[in-house]
Amino acid sequence: MKLLDGKVCADSLVADISRRVAGYVDSGLRKPHMTVILVGEHAPSESYVKSKIKSCENAGFESALLRFPESVTETELLEKIAAINADHATDGLIVQLPVPNHINSQNIINAIDPEKDIDGFHPTNFGRMTLGQKAFRPATAYGICKLLQFYEIPVKAKHCVVIGRSNIVGKPISIMLSNDFEIGNATVTLTHIETPRELLLDETRRADIIIVAVGIPGFVTEDMIKDGVVMIDVGINRLQTGKLVGDVDFENVSKKCSWITPVPGGVGRMTVAALMINTLMAYQNNFDLA
Ligand code: GUN
């Protein structure tokens, strides 16, 4: 078993971005700029946003964190988003999810200018990505592709099983891996909460690559997989003991895998790195750079 080390891969990608940014700044351009909107108090979001801001520093970007109280209205947020959309000094904007229940997250996503939508969640980007056109790709799914590419894991013609159909991970990664992309051309099965257990097992037991994003500690067990599988664990679950674990029973499952992502230090790192790639692309688009 070998580890797909998200830290090593992310550090390498961010170092490459920072070299490019240094070149742009040397030529007289301003730095790329990412704005993050964070609503309310949600411990996991605090930690994700912190790592995004830190990664901006490492990439040579500027960033702004705009905090709103839990009580902010949807209208107030939409007004702020409209102001940022009109601000030429901001290249990329993300609204950290989840937002409180009284705010409709799809309305928020739809309000972000697709040119600044570095999360790739806006219907325009999601549609363009699905059609194989140039687009901001959802960061976690894109990060997984970059990780597979970095470790030269073959994807073309492989059988991939995705567990979980969320808009931010399962749905986009299933589309990206089945598309005719550089990291793609796989045969993909998308399974979800309504997939009968027997059917899920039929699929996972013959999968070459499994991507699990369900948010349930220990969901994937050793009896569900074949020897040599590549296991991508998107879960980030905090146990009552304080320990962070993924959706895979790492100790037992890892023994059967050819490759596996650790948690932490796997996909989470790659989400942030992919966000930096998207921010650089937004900036390059802004300045008509190649
Ligand atoms: N919450 C969990 N993952 C993400 C993400 O990739 N982007 C945003 N905006 N919120 C999230």
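Each residue in the stretch 99-141 was checked for being in contact (Cβ under 8 Å) with a residue 40 or more places away in the chain, under 27 Å from PRO44 (Cα atoms) and in contact with a Gly (Cβ under 7 Å, 6 or more places away or on another chain), and 7 of them qualify. Would it be correct to say that TYR142 is closer than 30 Å to GLN106 by Cα and not small (Gly, Ala, Ser)? So TYR142 fits the description; yes. Looking across ALA89, ALA59, ALA139, one residue alone is surrounded by fewer than 18 Cβ atoms within 10 Å (Cβ to Cβ) and of a type outside the set (Ser, Thr, Tyr). It is ALA89. Restricting the stretch 142-168 to residues that are aliphatic (A, V, I, L, M) and over 13 Å from ILE210 (Cα atoms), the residue that is farthest from the ligand (Cβ to nearest atom) is ALA157. Does ASP113 fit the bill of being surrounded by fewer than 20 Cβ atoms within 10 Å (Cβ to Cβ), acidic (Asp, Glu) and in contact with a helix residue (DSSP H, G or I) (Cβ under 6 Å, 6 or more places away or on another chain)? Criteria met by ASP113.
Among the residues of the stretch 182-229, those that are assigned to a strand (DSSP E or B) and open to solvent by less than 10 Å² (accessible area, probe 1.4 Å) comprise THR191, ILE209, ILE210, ILE211, VAL212, VAL220, VAL229. Summed over the stretch 17-36, the residues that are out of contact with any strand residue (DSSP E or B) (no Cβ under 9 Å at 6 or more places or on another chain) and over 18 Å from SER51 (Cα atoms) give a count of 11.
The strands (runs of 3 or more DSSP E) falling completely within the stretch 1-107 that include 2 or more residues that are out of contact with any Asp or Glu (no Cβ under 9 Å at 6 or more places or on another chain) map to 33-39, 62-68.
The values are calculated or read from the model by the stated rules, or taken from the named source; none is laboratory data. Note that the structure is predicted; figures quoted are calculated from it, not measured. Cβ atoms come from the backbone with ideal geometry, glycine included; neighbour counts cover every protein chain shown. For accessibility, only protein heavy atoms count, side chains too; no ligands or nucleic acids. Shrake-Rupley method; radii C 1.70, N 1.55, O 1.52, S 1.80 Å.
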